[in-house]
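Worksheet: the structure to be examined is printed underneath.
The values are calculated or read from the model by the stated rules, or taken from the named source; none is laboratory data. Everything numeric here is computed off the predicted structure, so don't read it as measured data. A quick note on method: Cβ atoms are made from the backbone with ideal geometry, for glycine too, and the neighbour counts reach across all protein chains shown.
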């Protein structure tokens, strides 16, 4: 069983989210503009209309090379009793 969370995020040029990890798999889709993502020390440039999957427990960060909007979906595993 899983729980999914959806976020819409807007970044100004130069903004970033520092390196962190998550227990859930995450998928970002850039809605407008372009963002740089670093996942497990590998850099990805994601343009409007493109998506990127960031696996659970892998360090990642987000950098706004220009203003951009993205949709983030995170799927968290739920513990079963």
Of the criteria (1) over 15 Å from residue 65 (Cα atoms); (2) surrounded by fewer than 16 Cβ atoms within 10 Å (Cβ to Cβ); (3) under 10 Å from the mean Cα position of the chain (by Cα), which one residue 17 fails: (1)
Residue match in the range 62-81 (condition: part of a strand (DSSP E or B), more than 13 Å from the chain's Cα centre (by Cα) and at pLDDT below 95): yes
Top-ranked residue in the range 37-61 [being under 17 Å from residue 25 (Cα atoms) and free of Cβ contacts under 8 Å to residues at least 12 places away in the same chain; ranked as surrounded by the most Cβ atoms within 10 Å (Cβ to Cβ)]: 44
